[in-house]
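Every number here is computed from the coordinates shown, using simple stated rules; none is lab data. Please read these numbers as outputs of a predicted model, since none were measured by experiment. A quick note on method: Cβ atoms are made from the backbone with ideal geometry, for glycine too, and the neighbour counts reach across all protein chains shown.
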Amino acid sequence: MSAEHRAFMHHLTPCRLPVAYLAASSVIKTKKMDLLKCYESSSGSESEDETPVKVEPVKIVKLEVPSSILTLFPGNDENAHQDDPSMHQGRVRSFAHERGMWAGLVSIEIGQPISGWTRLLDSLEGVNRCTPPLHVSLSRPLQLRHIWIAPLLADLRKRAAQLKQFEIMFGGVTVFVNDEKTRTFISVEAIGGGLEAACSLAEASGAEYRLPPYYESRHFHVSIGWALGDQETRLKIALAHQPSPPPASFPVTQLQLKTGHQIHQVPLQRV
């Protein structure tokens, strides 16, 4: 073999890696294997020794429903309002109290008792005076949803603007008992052509909301006294021995819609 050939073969001889490099590589491989074994051992131990964690139940807080929503869906209520008749001169509701519902009445306000009425009441045993302001009813007691009040009032005012102011006369005394037979009333009859028209316009406005009409036999009056229970017979006998109060007149310039404790004025057309 020539010298050139031996030199070429020398360059083709594989080079050997340093011993330090080989040792380091071996250590790295060993550490990787150890880490894998530790991981497998650890995960296996956790799955075997793991104890269930007790999860505390979440406390649910019941939020109150806004009153504006409740008024749209009235219904039974555990804490429904209970009336005490002794706090309202023995009066009993014509219908049960409901959330979002208001007691209403269309009437003519008279105000204070007219001369002669109080003397008559003082002569009757077991009779109490009605608390002013006195009034002449033009409707039955009404059950109104809150959302009806504004449009009902607007319709009443629109119709009343076409009815001229009028005058009513008060005459004879009469006795009647309410539908529930819980109170007996001493009343003075009210007469006047405008009363029929005023009652009719109240009925027309209420019909849009399917409210009950006034009594079929319209008998307009102002209640001036009351007694508990059905005492119609006794009081009629007592009144037969008493002089009737003198006739009186009253100018009517406006009607009113009462909703709860609020009074809404309904002006009539000026003469």
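Classify region 132-207 from the C-alpha gyration tensor, please: rounded if a/c falls under 1.5, else prolate or oblate depending on whether a/b exceeds b/c.
It is oblate, given that a/c is not under 1.5 and a/b is not larger than b/c.
Based on the alpha-carbon gyration tensor of region 85-267 and its eigenvalue square roots a ≥ b ≥ c, which shape applies: rounded if a/c is under 1.5, prolate if not and a/b is larger than b/c, or oblate?
oblate
Convex hull over the alpha-carbon atoms of region 229-268: what's its volume per residue in Å³?
Dividing the Cα hull volume of region 229-268 by its residues yields 129 Å³.
With each label point set 7 Å from Cα along the Cα-Cβ vector, what nm distance links residue 232 and residue 155?
A separation of 3.3 nm, rounded to one decimal place.
Would you give the gap between the C-alpha center of region 248-266 and the C-alpha center of region 156-210, rounded to a whole Å?
After rounding, the separation between the Cα centres reads 11 Å.
Mind ordering 147-155, 130-138, 240-248 by average Cβ neighbours within 10 Å, highest first?
130-138, 147-155, 240-248
Full extension from residue 167 to residue 242: what is 0.36 nm times the residue separation minus their Cα-Cα distance, to one decimal in nm?
Result: 24.3 nm gained on full extension.
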